[in-house]
Amino acid sequence: MRRRKSHPLTGLAVVAAILGIVWILLQRPDIPYEELQPRYASPASKYMDLPDGVRVHYRDQGLRSGPTLVLVHGFSASLHAWEPWVKALEPHYRIITLDLPGHGLTRAPPGYLVAPGGFETVVDTVTRRLGVTRFTLGGNSMGGGVAWRYALKHPDRLDGLVLVDAAGWPRTGKGGLLIFRILKNPVGRALLKNIETRPLVKQGLEDGYLDPALVTPALIDRYTELARAPGHRDILLGLQTGPGDPASAARLAAIRIPTLVMFGEEDRVIPAGDGKKFAAAIPGATLILYPKVGHAPMEQIPQRSAADLKAWLDSKVYPLPATTTATAAPAAAMR
């Protein structure tokens with residue numbers, strides 16, 4: 001008997017069916033805030049309702065009478081990224097951290113879109129409502145982009161600017177982390193929207209932190225679970241579209257605020273060369289490059305980076321009284 005030949009399309013249909021089943025099995029629903037808050041809020045967590053329906057999660061910690069630091073996290077991160085700095089610096093400063101819309105425990109109404117300059121508006125509204133008139137603004141990655149754009153819009157409100165592996169310079173070529181390359185593609189965004197992204201998140205965190213020991217199951221859980229808060233995935237994916245608002249030497253030259261640029265030399269997300277560009281473009285900026293450090297110095301080397309920040313603030317932004325200057329420990333001595 002002759003063996004019947006299978007049609008090529010039949011094999012493709014079987015493969016497509018298997019892939020479809022796998023895709024369905026990988027679907028992950030939203031996680032209600034009622035489940036997320038007990039896991040990721042703390043006794044310091046507070047909430048603020050904004051006019052556009054956003055309910056901001058923030059923490060206001062540290063020395064209430066001290067100078068104020070406001071710290072903004074990066075893409076898909078949360079205020080938790082700053083906790084190592086908060087622990088190191090809270091004896092000296094009032095430290096305000098917040099979750100941007102689409103991130104952490106901040107809630108946004110259905111269909112919420114981040115308008116151009118929307119994150120800067122959130123920072124401005126929250127600080128004004130808290131009665132903060134002047135502060136030093138710091139940001140990591142995407143939050144660094146929020147920080148320098150805020151400095152251009154509201155220079156009268158800032159004492160200092162701190163850019164930690166900040167985003168903003170136009171990207172060239174096809175480099176970057178796999179997850180970001182996928183998110184830049186509309187098909188990739190559609191496929192990733194509701195599926196289990198834990199393996200990609202794990203790889204992205206390992207590339208960002210460099211040290212696998214820092215990428216704990218708890219850290220991976222935090223990133224993946226908070227991204228599944230209601231509405232977050234739509235906002236996060238939306239941030240990967242649009243023309244952007246890139247940095248340029250001409251724009252940044254207008255910043256006249258004392259500025260500290262901190263970058264990991266081994267950053268695989270944003271090249272350290274971008275840190276050099278920020279420092280060269282912003283008049284009088286101080287640049288610190290960290291060998292063998294990746295995208296998040298405040299988490300990878302918290303004590304050293306916090307000491308460097310304090311030393312810079314003491315000398316450039318909030319000088320110590322003359323009577324105590326001689327006893328101030330330089331950053332190198334605190335490492």
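Computed from the coordinates by the stated procedures, all read-outs in this text should not be read as laboratory data. These figures come from a predicted structure and were not determined experimentally. Positions of Cβ are backbone-derived with ideal geometry, glycine not excepted, and every protein chain shown enters the neighbour counts.
Going through the cross-link list LYS292/LYS316; LYS46/LYS310; LYS277/LYS316, which pairs have a Cα-Cα distance over 23 Å in this structure?
LYS292/LYS316; LYS46/LYS310
Give the aspartates and glutamates whose C-alpha is closer than 15 Å to that of LYS153, dropping any in the same chain fewer than 8 places away, or say none.
GLU120, ASP124, ASP245
How high is the FRET efficiency between GLU34 and GLU266 when r is their beta carbon distance and R₀ equals 51 Å, given to the nearest 0.05?
The formula returns an efficiency of 0.80 here.
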